[in-house]
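See below for the structure under consideration.
The values are calculated or read from the model by the stated rules, or taken from the named source; none is laboratory data. This one's a predicted model, so the numbers in the text were calculated from it and none came from an experiment. Here the Cβ is made from the backbone with ideal geometry for all residues, glycine too, and neighbour counts use every protein chain on show. Surface areas here come from the heavy atoms of the whole protein model, side chains and all, with no ligands, DNA or RNA. Shrake-Rupley method; radii C 1.70, N 1.55, O 1.52, S 1.80 Å.
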Amino acid sequence: GKSCGEEDDVKEEEKNHHNKWLFFSLVLGVIFQSVLGIWQFFAQYVYASKWLGIAVQNPTELGVAVVETSLRRFLRSYGGLPHPNIFAGWIVLGLWSVFFFFNQMKDKINFFIRRSSLLLAYILLFAGLILSFSRSAWLGFIFGWLILLLYFIFNHFNFIFNHLSTYFFIIINVY
């Protein structure tokens, strides 16, 4: 039979495999939504679809989420969701999922393919986020990156501090 450690390794590998498929599925779903939202912005119209559960959205009608300028009313991207803010929140989740998914797959995929896929996914999702005109989602996305940046900075300084304090302790004890 297998030892307890081997069984734990198999369970951990199985869990990681399921997590990767979960992230991959989420990313593909959000990319579909983003492409739909980009198309809606450039078409300046949301066509109804009973199969996707999408209602008509026309920027000339009142009650539709738009950005008004002196020239005209621009439709905010909805994707397949009922409001642009919900769409943008979904895209922010997708952007983070892309980041974590490709971070986990770094050993399994060719470097060029991984970077190209990451860049294409980020461009599509980021374009969808911008075209949603959701300021709260923009702020949430920026705030998330700031938190991640601070995490890496403090981890880096903590690593340096731990090494310096170890060397300092050794030097003090030697003398």
Residue count, segment 12-55, condition farther than 20 Å from Leu118 by Cα and either modelled with pLDDT of 90 or more or not in a helix (DSSP H, G or I) (or both), comes to 17
Got at least one residue in segment 66-80 being open to solvent by 60 Å² or more (accessible area, probe 1.4 Å), of a type in the set (A, V, I, L, M, F, W, C), without any contact (Cβ under 8 Å) to a residue 12 or more places away in the chain and under 30 Å from Gly144 (Cα atoms)? no
Filter segment 59-84 for residues that are part of a loop (DSSP other than H, G, I, E, B) and in contact with a helix residue (DSSP H, G or I) (Cβ under 9 Å, 6 or more places away or on another chain); the one that is farthest from Phe126 (Cα to Cα) is Ala65
Just wondering, is there one or more residues in segment 48-58 that are under 16 Å from Ala127 (Cα atoms), open to solvent by less than 80 Å² (accessible area, probe 1.4 Å) and under 24 Å from the mean Cα position of the chain (by Cα)? no
What's the number of the only condition in (1) at pLDDT 85 or above; (2) surrounded by fewer than 19 Cβ atoms within 10 Å (Cβ to Cβ); (3) farther than 16 Å from Ile31 by Cβ that Leu93 fails to meet? (3)
